[in-house]
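Below is one structure, written out as structure tokens; the observations come after it.
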Amino acid sequence: MADERPIGMFDSGVGGLTVLKEFRKQNPQENIIYLGDTKRFPYGSKSKESIIELTKKGIDFLLSKNVKAIVIACGTATSQALEEVQKQYEIPIIGIIDSTVQYIKENRNLKNVGIIATTGTIRSGGWQNKLHSQIPDAILSYKACPLLAPMAEEGWTENEIAKLTIKEYLKDFENINCLILGCTHYPLFKKCIQEELGEKVEIINTGEKLAKDMKKILIHEQKQNESTQEGSYEIYLTDTETNFVQVASKLLKAPEIKEKIKKADVE
Ligand code: DGL
């Protein structure tokens, strides 16, 4: 049965749009409501309690828009709030960790795994615990990169400062086969990161893996939008005084994006 209701997506800012972009490639007919909690950005330095509280507010807002499923398009919220909100809400809620862990598990050549993410995500051990429980012989190296998400919000993803910052953060990663971009803002630095690590290291964009899984879930739950038309997306921000428009229009190649952005009333 067709379900034309939108998918809700949630992040602290512009990073979740890297997930939205991948999701739309693989699920072009789906409609999306995106919420960026720009008023409370950054999430990466906040406590677990705050992240849970803010994630619930985001979910409540998306539910008020009649969404059929929710994607937590934020590594920080996935690592610290996903389990809690999955217990509290009945709607399907998916985060960015599981699909990527599954992908690595199925690709046995990716044993030496690097992870970069926000301070909160690394502190939570969310990636490390899942990877270790699923792939006990994986060798993990990880690093918190607290400057990257604010730089991405600023649009500083390919300049000299971005290159130097990436170089400094990645200097201790040795012999890794893959690097998980554990924060959804980081795919914006993909070019710099790939240049720094070389072509032999696979850079994993979690949105790409999540989008494939989400497609399967929608089919399984009979919630897929069966329309033959391309789906639309709307973006809500809790504070619109940000650089969001510039970064988003470049990322999504959508010069008209300003018209899709509305102010969200989330207390
Ligand atoms: N995009 C986010 C993440 O995936 C959060 C960045 C932040 O708000 O600090 O972790």
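Coordinate-derived values only; no laboratory data. Bear in mind that the values here come from a model prediction, so they are computed numbers and not experimental data. Every residue, glycine among them, receives a Cβ derived from its backbone with ideal geometry; neighbour counts consider all protein chains shown.
Looking at (1) among the aliphatic types (A, V, I, L, M); (2) part of a helix (DSSP H, G or I); (3) farther than 22 Å from residue 41 by Cα, can you tell me which one residue 140 breaks?
It is condition (2) that residue 140 fails.
Would you mention how many residues in the stretch 30-58 are away from the ligand (no atom under 11 Å from the Cβ) and more than 20 Å from residue 123 (Cβ to Cβ)?
Matching residues across the stretch 30-58 total 10.
(1) touching a residue at least 24 places away in the same chain (Cβ under 8 Å); (2) assigned to a helix (DSSP H, G or I): which one isn't true of residue 239, the others all being true?
(2)
Given the criteria touching a Lys or Arg at 6+ places or on another chain (Cβ under 7 Å) and within 12 Å of the ligand (Cβ to nearest atom), does residue 135 qualify? So that I can check it myself, show each step before the final result.
Working: touching a Lys or Arg at 6+ places or on another chain (Cβ under 7 Å): yes; within 12 Å of the ligand (Cβ to nearest atom): no.
Answer is no for this residue.
Can you name every residue in the stretch 242-266 that is in contact (Cβ under 8 Å) with a residue 60 or more places away in the chain, crowded, with 17+ Cβ neighbours inside 10 Å and outside any loop (DSSP other than H, G, I, E, B)?
Matches in the stretch 242-266: 244, 247, 248, 251, 252.
Restricting to the stretch 156-205, what's the tally of residues that are among the small types (Gly, Ala, Ser) and either closer than 26 Å to residue 126 by Cα or buried (at least 18 other Cβ atoms within 10 Å of the Cβ) (or both)?
So in the stretch 156-205, the residues among the small types (Gly, Ala, Ser) come out as 162, 182, 198.
Among the residues that remain, those that are also either closer than 26 Å to residue 126 by Cα or buried (at least 18 other Cβ atoms within 10 Å of the Cβ) (or both) are: 162, 182.
Count: 2.
Name the residues in the stretch 92-113 that are among the β-branched types (Val, Ile, Thr) and either in contact (Cβ under 8 Å) with a residue 60 or more places away in the chain or surrounded by fewer than 17 Cβ atoms within 10 Å (Cβ to Cβ) (or both), would you? Steps first, answer last, please.
Here is the first cut: in the stretch 92-113, the ones among the β-branched types (Val, Ile, Thr) are 93-94, 96-97, 100-101, 104, 113.
Across the stretch 92-113, the qualifying residues are 94, 96, 97, 100, 104, 113.
Any chance the stretch 84-92 includes a residue that's within 12 Å of the ligand (Cβ to nearest atom) and within 22 Å of residue 264 (Cβ to Cβ)?
Among the residues of the stretch 84-92, not one is within 12 Å of the ligand (Cβ to nearest atom) and within 22 Å of residue 264 (Cβ to Cβ), which makes the answer no.
Being part of a helix (DSSP H, G or I) and without any contact (Cβ under 8 Å) to a residue 24 or more places away in the chain is the filter; apply it to the stretch 152-172 and report the residue that is farthest from the ligand (Cβ to nearest atom). Full working, then the answer.
If we filter the stretch 152-172 for residues that are part of a helix (DSSP H, G or I), which is where we start, we get 152-154, 160-170.
Checking the rest, the ones that are also without any contact (Cβ under 8 Å) to a residue 24 or more places away in the chain come to 160-161, 164-165, 168.
On the way: 160: 23, 161: 18, 164: 20, 165: 15, 168: 18 Å.
It comes out as 160.
Inside the stretch 114-126, can you point out the residues that are crowded, with 24+ Cβ neighbours inside 10 Å and either polar (S, T, N, Q) or more than 11 Å from the ligand (Cβ to nearest atom) (or both)?
Passing the criteria: 114, 115, 118, 121.
Kindly indicate whether any position in the stretch 101-108 is among the β-branched types (Val, Ile, Thr), within 13 Å of the ligand (Cβ to nearest atom) and within 16 Å of the chain's Cα centre (by Cα).
Residues of the stretch 101-108 among the β-branched types (Val, Ile, Thr): 101, 104.
Pick out the ones that are also within 13 Å of the ligand (Cβ to nearest atom) and you get none.
Checked against the condition, which is being among the β-branched types (Val, Ile, Thr), within 13 Å of the ligand (Cβ to nearest atom) and within 16 Å of the chain's Cα centre (by Cα), the stretch 101-108 yields no hits at all.
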